[in-house]
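I have placed the structure first, in the form of C-alpha cells, so that the comments after it can refer back to it.
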Amino acid sequence: MKTLKFLFGYTRNHRKPLIITMVSMLLLTGVQLLDPQVIREMTAIVQRPFTDPAAYEPSAEFIVSLAFLGIRDPLAITPASVIGRLAVVALLLFLARGVLRFLRSYMSHVAGWGAVADARKDIYRHLQRLSLRFYEDRQVGDLMSRMVNDSDMFETLIAHAIPDTIVNVMMFVGVAVILLGYSLQLMLLTLIPIPFIILAARGFSKYVRPAFRERQKELGDLNAILNDNLSGIREIKAFTREEVEADRIGDHINRYRDSLLRALRLMATFHPFVEFTSSLGTIVLIYFGGRLVLAQTLPLEDLVAFFLYLNLFYQPVRALSGALENIQHAMAGAERVADLLQEDPDVTENPDAVALPGRAEGEIQFQNVCFRYVEGQPVLEDIDLHIPAGHVVALVGPTGVGKSTLASLIPRFYDVNEGTVKLDGYDIRDLTLKSLRRQISIVLQDVFLFHGSVRDNILFGRLDASEEEVVEAARIANAHEFIVGLPDGYDTLIGERGVKLSGGQKQRLAIARAVLKDAPILILDEATSSVDTQTELLIQEALERLMVGRTTIIIAHRLSTIRSADKIVVLEGSHITQMGTHEALMTEGGLYRELNEVQNEFEPRYAEVRERRRVAAQAHA
Amino acid sequence: MSSNSEKARQNPSDLKVLLRSFRYLRSHWRVTAGGYLLLFIISVLSTINPQFIRGIVDRGIAEGNMPLLTRLVLAMLGLTLLQGVLGFFQGKWIEQASQGVAYDLRNELYQKLSSLSFSYHDRTEAGQLLARAMHDVDRLRFLNGRATMRLVEGLALLIMTVVVLLLMNPRLALLSLISMPVLLVQAYWYSKKMRPLWRAIRDQVSEMTTWVEQNLRGARVVKGFAQEKAEIDRFDEQNAVWFDMVERSVLIRALNDPAVVFLTNIGSIFIIWYGGRLVIHGGLTFGDLLAFTAYLSQLAGPIRMLGRLVPFITEAAASGERVFEILDAESEVEEAPDAMPLPKAEGHVRFQGVSFAYFGRRMVLKDIDIDAPPGQIVALLGTTGSGKSTIINLIPRFYDVSVGRVTIDGHDVRDLTLESLRGQIGIVLQETTLFAATVRENLAFGRPEASEAQIIAAAKAAQAHEFIEEMPNGYATYVGERGSTLSGGQKQRVAIARALLKDPRILILDDAMASVDTETERLIQKALERLMQGRTSFVIAQRLSTIRMADQILVLDKGEIVARGSHTELLHSSGLYADIYERQLRPQEVEELLEQREASLARDAKRLRPAISGS
C-alpha cells in the first residue's frame, strides 16, 4: 500500500494526460460496445421482409435505432438508404475509435514515461547527495539496475497494468449488461467457457511463463559463460583447453536450445487449448442460439450480435490475469526504488552551516581525531596534526595504514568519529560542503576520467573557465602538447568508449583539472606505477608548479618527495609515531632513519634462496 | 516504398549472405520440409474455414435445417481442432529447424573463436564477439525460422484468399481488399521509421547508463570537486533528451495503431455498404457476407507481418555478414602441417635476434637475445609498454615473431604442435581469469584428469587450501561472475595452484600483486618461490624479492633490452633500473622492514611476558 502511495506521488506531475487517458478509455469502451450494433442493425435490415410494407411492424428498438440514424418515419424507408447510413455510422465509429485509441495510447505513455523520467531524476539527485560511506558497501551494478530497470516498472504500471485492468473490467461488465438485454438464457450459456478460460490463463502463467523465464535464465547463463570464455580466451589457449571448453559451451548452447524448445512446445500446446475454449463459446452459441432463432424466440440479428460480442466478452477475462501479474511485478520494482530513495546520507550539512568566506588560507588542524569504518576496528586514533598554511606534509607508512583515510577526512568524505578537523580555525562540520570542497584539489593515484571530451574533463575543475584558461591549465600541467596531438585535440572523447590514455597522460589531465580549480589545499597521492623517465619528469615538473603556494598533503612513496617536504608524518598501526623534518627525524632515529638506512640488508636472505633453488634445479636435471 | 528492399534484392552480397544462412537448414531438412508442408495444408484449411460459416448461415439457419446445422458446426469444430494440432507440429518443426541452425552456428562460431590467434582477440573486443554470438545468431535463427515461415504463410494465404474472394464476388472482393496494399506499405513504413528510433532510444539509455555508472564509480571525484549540482544538471539534460525521443516514438506508435485498425476496418465498411445492398437485392447471400468478413479479418495479421518483415530481412542480412565475417577469419598462428610434438622439455629457452610488430604496425620488440638455461629465473623489468608482456607471449606462441626465432631445447616453437608446446608451459598472469565453475574445476583447468589428492596438494603448496576450505562448499564452491567472488590475492593463489598442478618445465608469470595485506603477500611470496623451484621461469617482476632471486634481470625500454645483470650490478650501471627501484621496489623495503620490526616486537613481548608474570 505504501508503495502504491509512493507510486501515485509520481503521477502528480502528469495529471492532465492521466485524466485524458481515463476519459478516452471510458469513451473507447463505449464505442467498442457500439461497434457490433451496426452489424446487428444491418442483419435486421437485410433479414426483414420489405416486400409487403403494410404487414411490417417495426419493433420499438428498431424505431429508436432508425431515429439514431436520422430516419423519422420507419415505414418510408428503403433498406438501401438504411444500409448507406449504417456504413456512414460505421465509418464514424471507426474514426472515433481511432482518435480515442490514439489519445489513450499517447497520453498514458506520456504519463508513464514522464513518471519514469521523474523517478530517474530523483534517484540520481539522491545518489549525488549520499556520502561515500554509502558507496563503500554497494555494488554499482545494483544501483544501476534500480535506476534503469526498476524505474521502468513505473511505465508498465501507469501506462499498461492499471489502465488494462480498468478497461478490461469495464468491458466485461458492459458486454454482460448488453447481452443480458438480448437474452438472459443465452447470456448465461455463454458464461460456460469462462471457467475454462480462467483455467487456461492460470495454467499459462503457471507453466508457460515459468518456462519462458527458465529460458531467459538459460540465456543469461549462456551469455555469462560465453562472456567468461571469450574474455578468458588467452587462458584457454595457454592451457590448451579449447576442446574441453568447446564441449562445455556446446552443452550450454544445447541447454538453451532445449529450454527454448520446451517453452515453445508448452506454448504451442496451450495455444490450441486457449483457442478451443474460445471456440467453445462459438459452438454453444451456434447450437443453442441457432435453436432459439429457429424457435423464433430470438431474432437473428441478436444472435449475430452475440457472436460479435463474444470475443469482447472473453478477451478481458484472458487479459486480466496477465495485467494482475504485471501489477505485482511492477510493484516489486517500485518498492526497490522507494527503498533506495529512503536511504539517508550520513555526511549531512549542518542546518546552520556557514559558507567559508572567499578563498581559505589553508591552515589545517587535526585535533584528537579517531576514525573507523567498522565499529571496533579503529583506522585512525588520537591523530593530532597541525599543518600551517602553505606547508607541504608527507604522509609515510605501509599500505593500509590509513594515509588515504586521513587525507579523505579533510574534504569531509567521511565524518570523524571523535575529535575535530579544522580549516582556518573552523570546524569543517560547520561549513557548507560546497564551500569546503571548493578549497581542496585532489589528485589521486588512479585517475578517474569521465566519458566525455578532454576539455570536459579539465573543465570539471571549474565549469565556467574560458578556453584560454583551459589551455593555460593544460600547459601548466604539461598536458597541452599531448592533447593537441590527439585526433580531435581538446574535443577528443576519452573514457570507456573513447581514446585510451596512458597512465602518465591521465595523471597530467588530473593535474590540469586541479590547476584550473586553483584551490588553496592540495591532496596528492603519489603514483607508484612506473612511467618512462621523460614522462616522469614532465609529471614531476607539473606537480611542483601545482604545489606552489598551496597547503599540500602528499601520500608519498618516493624518498626524494618525502625529503623535500616541510614536515614528514610517519603512520604506524593507527597512530602517528613520528613527525618532523627529514633532518630532525634522521637525528631522532626510529623507523624513519631505519627506512633510509636499509640498503642491502635483505640481500643475504635472497642469496640463500637463490642457492637453494639452484641446487634443486640440478637435482631435477 | 522499397528503395531499400530493392537494394536488398539487387545487392548480390546481401542475397548471398541470406542464401548462405539458409544453407544451414540443410542438415535439418526433414523438419523443415515437414513444417512447410504443414504450413501449406493449414493455409488451405484457413481458406476453407469461412466457407463453413457461409454454409451454416445460408443453408443451416436460413433454411431451418437443424441436422445440417449440427453437422456443419461439428465439421467446423473438427477443422479448427485439426488446424490447432497441425499448427502445433508446424510451429514445433520450424522452430526445431531454426533452433538447430542457431545451435550449429553458435558451435561453429565458438570453435572458430577458440582457434583464432591472440592477435585476432587483441583486435576485437570480447563484448563485440559476444554480441555476434548471441544477438546476431538469434536474428539469423529468426530469419531461418519464423520470419521466412510467416513470409511464406502470408503470401500463401494472400493468394488463396484473393482467388476465393474473386470467385465468390469479384467486385466486392476488389472493394474489400482495397486497403490491403495500403496496410502492407504502412506496416513497412512504420517499422522502417520505428526501428532506427528504437535503436536511438536504446543507445541513449545505454549512453546514460554508462555515464551514470562511471559517475557512481567516480563518486569521490565528483564530491571532491563539489560538482554534484552540475552533474545533476547534466543528467537532467540527458534524461530530457531520452524523454523527447520516447515521446516521439510513443506518438508515432499511438498514431500508427489506430491507423492500422482503421485501415483494416475500411474493408468492413465496404462490405456493409456494398455487400449489404447486394444481399438486399439478392445478388449475395447473408452467409457470403459473413464469410467475406471472416476472410478479411483472417488476412489482416499476415499482411501487416509481411510489411514488417521486409526491413527485418535487410537487417538479418547485416547480422549474417557479421557472423560469417568471424567464420571466414583466418588465424595468424597456424600449426605447421608437419609440426612435431615437443618431447619432455628440459626447459632451455632461447630468443635469437627476435623482433616483433603487431599486425604490421611499429616494432614492439627489437633484436632481442635471451638465453635461459634450464632452471633459471629471468626477471623482466621495464615501464608499461616496454615489451615485457610481448616477450613472454612469444614463448607459448601466442604470437609469431616477425624476425628471428624462439627455441625451446633447440626446437623452433613454430615447428612444434601447439598442444605439446603449451602443455609444457605454465602461465600465471596478473589478472587471473577464473571461470564460472567450481574452485576444483578452476584448479584442474590445466589437467582435467588430476586426482582429488593432487588438486589438494597443489592448493596446499600454493597456500590456497586453507581459504578454500573455509568457503561455503569448500572445493565445490562456485566462483566467477555469478558465484562467490575471490579477492585478488586468493585468485592469484588459485592461479599458482593451477600452474603447480600442471607441473610445467617452463613458467611464465607476472608477479604483480593486487593490493593485499602483508600476511597474504607473504603467503603468495612463499607459493611463488615453491612454484619457480626447478623450472625455467620468465617473470615480469614487480617484487623486490623476485628480482633478488633472479639469475638474470633484463631491463627493457621501448622494446629493447637496455641493461642486464644482477640487482647489485644494475643498481650501479642502469639509471632506468635505479629509477624503477626507487619508485617501485623501495617502498616494499619499507614494508618488509616494518614487518620485521613487528615480528621482533612480538618476540620481545613473548620473551618478556614470563619474566613479568614470574616476578
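For the structure I just gave you, tell me whether residue A:167 is of a type in the set (Val, Ile, Thr) and within 10 Å of another protein chain (Cβ to nearest Cβ). Spelling it out, it is not the case that residue A:167 is of a type in the set (Val, Ile, Thr) and within 10 Å of another protein chain (Cβ to nearest Cβ). Number of residues in the stretch A:307-348 that are assigned to a helix (DSSP H, G or I) and more than 23 Å from the chain's Cα centre (by Cα) equals 18. Being in contact with a Gly (Cβ under 9 Å, 6 or more places away or on another chain), buried (at least 19 other Cβ atoms within 10 Å of the Cβ) and over 30 Å from residue A:148 (Cβ atoms) holds for only one residue in A:285, A:300, A:312, A:294, and it is A:312. Consider residue A:208 carefully, then state whether it is modelled with pLDDT of 90 or more and outside the structural domain of residue A:9 (by TED's automatic domain parsing). Criteria not met by residue A:208. Residues in the stretch B:340-355 that are modelled with pLDDT of 90 or more and crowded, with 21+ Cβ neighbours inside 10 Å were compared, and the one that is nearest to residue B:533 (Cα to Cα) is B:349.
Is it the case that residue B:220 is outside the structural domain of residue B:145 (by TED's automatic domain parsing), part of a helix (DSSP H, G or I) and more than 39 Å from the chain's Cα centre (by Cα)? Here the answer is no, as residue B:220 does not meet what is asked.
To keep it simple, each residue is scored yes or no on (1) over 15 Å from residue A:512 (Cα atoms); (2) assigned to a loop (DSSP other than H, G, I, E, B); (3) within 30 Å of the chain's Cα centre (by Cα).
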| residue | (1), (2), (3) |
| --- | --- |
| A:458 | no, no, yes |
| A:462 | no, yes, yes |
| A:465 | no, yes, no |
| A:469 | no, no, no |
| A:474 | no, no, no |
| A:481 | no, no, no |
| A:487 | yes, yes, no |
| A:490 | no, no, no |
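For the stretch B:30-37, the count of residues that are over 30 Å from residue A:303 (Cα atoms), among the aliphatic types (A, V, I, L, M) and touching a Gly at 6+ places or on another chain (Cβ under 9 Å) is nonzero.
Residues considered: B:71, B:54, B:106. Of these, the only one that is among the charged types (D, E, K, R), in contact (Cβ under 8 Å) with a residue 40 or more places away in the chain and either touching a helix residue (DSSP H, G or I) at 6+ places or on another chain (Cβ under 9 Å) or at the interface with chain A (Cβ under 9 Å from one of its Cβ atoms) (or both) is B:54. Only one of the listed residues (B:388, B:366) is surrounded by 19 or more Cβ atoms within 10 Å (Cβ to Cβ) and basic (Lys, Arg). That residue is B:388. Say whether the condition of being farther than 23 Å from residue B:506 by Cβ, surrounded by fewer than 22 Cβ atoms within 10 Å (Cβ to Cβ) and without any contact (Cβ under 8 Å) to a residue 12 or more places away in the chain is met by at least one residue in the stretch B:412-431. Taking every residue of the stretch B:412-431 in turn, none turns out to be farther than 23 Å from residue B:506 by Cβ, surrounded by fewer than 22 Cβ atoms within 10 Å (Cβ to Cβ) and without any contact (Cβ under 8 Å) to a residue 12 or more places away in the chain. Here residue B:241 clears all of (1) within 8 Å of chain A (Cβ to nearest Cβ); (2) in a helix (DSSP H, G or I) except the condition numbered (1). Checked against (1) touching a Lys or Arg at 6+ places or on another chain (Cβ under 7 Å); (2) assigned by TED's automatic domain parsing to the domain that holds residue A:100, residue A:218 passes all but condition (2).
Among the numbered criteria (1) at pLDDT 85 or above; (2) within 14 Å of chain B (Cβ to nearest Cβ); (3) surrounded by fewer than 23 Cβ atoms within 10 Å (Cβ to Cβ); (4) under 30 Å from residue B:581 (Cα atoms), which one does residue A:531 miss? Failed condition: (1).
Just one residue in the set A:269, A:277, A:282, A:297 is of a type in the set (Ser, Thr, Tyr), out of contact with any His (no Cβ under 7 Å at 6 or more places or on another chain) and outside any helix (DSSP H, G or I); that residue is A:297. In the set B:315, B:330, B:325, only one residue is surrounded by fewer than 18 Cβ atoms within 10 Å (Cβ to Cβ), more than 13 Å from chain A (Cβ to nearest Cβ) and in contact (Cβ under 8 Å) with a residue 12 or more places away in the chain; that residue is B:315. Could you please find all residues in the stretch A:113-122 being touching a residue at least 40 places away in the same chain (Cβ under 8 Å) and either at the interface with chain B (Cβ under 9 Å from one of its Cβ atoms) or charged (D, E, K, R) (or both)? Listed by number, the residues that qualify are A:113, A:114, A:118, A:122. Exactly one residue out of A:319, A:334, A:353 is touching a Lys or Arg at 6+ places or on another chain (Cβ under 9 Å), buried (at least 17 other Cβ atoms within 10 Å of the Cβ) and either outside the structural domain of residue A:441 (by TED's automatic domain parsing) or not β-branched (Val, Ile, Thr) (or both): that is A:353.
Of all residues in the stretch A:236-262, those satisfying the criterion of being of a type in the set (Gly, Ala, Ser) and within 7 Å of another protein chain (Cβ to nearest Cβ) are A:238, A:246, A:250. For the stretch A:57-78, the count of residues that are modelled with pLDDT of 85 or more and farther than 30 Å from residue A:155 by Cβ is zero.
Before we move on, is residue A:366 touching a helix residue (DSSP H, G or I) at 6+ places or on another chain (Cβ under 8 Å) and more than 17 Å from residue A:555 (Cα to Cα)? Taking the combined requirement at face value, the residue does not satisfy it.
Flag not set for residue A:194, criterion: of a type in the set (Val, Ile, Thr), in contact (Cβ under 8 Å) with a residue 40 or more places away in the chain, in the same structural domain as residue A:30 (by TED's automatic domain parsing) and in a helix (DSSP H, G or I). Listed by first and then second residue, the pairs with beta-carbon distance under 8 Å, at least 6 apart or on different chains, first residue in the stretch A:222-235 and closer than 13 Å to residue B:134 by Cα, second among the hydroxyl-bearing types (Ser, Thr, Tyr), are A:222/A:256; A:226/B:110.
What do you reckon, is residue A:438 of a type in the set (Lys, Arg) and in contact with a Phe, Trp or Tyr (Cβ under 7 Å, 6 or more places away or on another chain)? No, not satisfied.
The values are calculated or read from the model by the stated rules, or taken from the named source; none is laboratory data. If you're wondering where the values come from, they're calculated on a predicted model, not measured in any experiment. Positions of Cβ are backbone-derived with ideal geometry, glycine not excepted, and every protein chain shown enters the neighbour counts.
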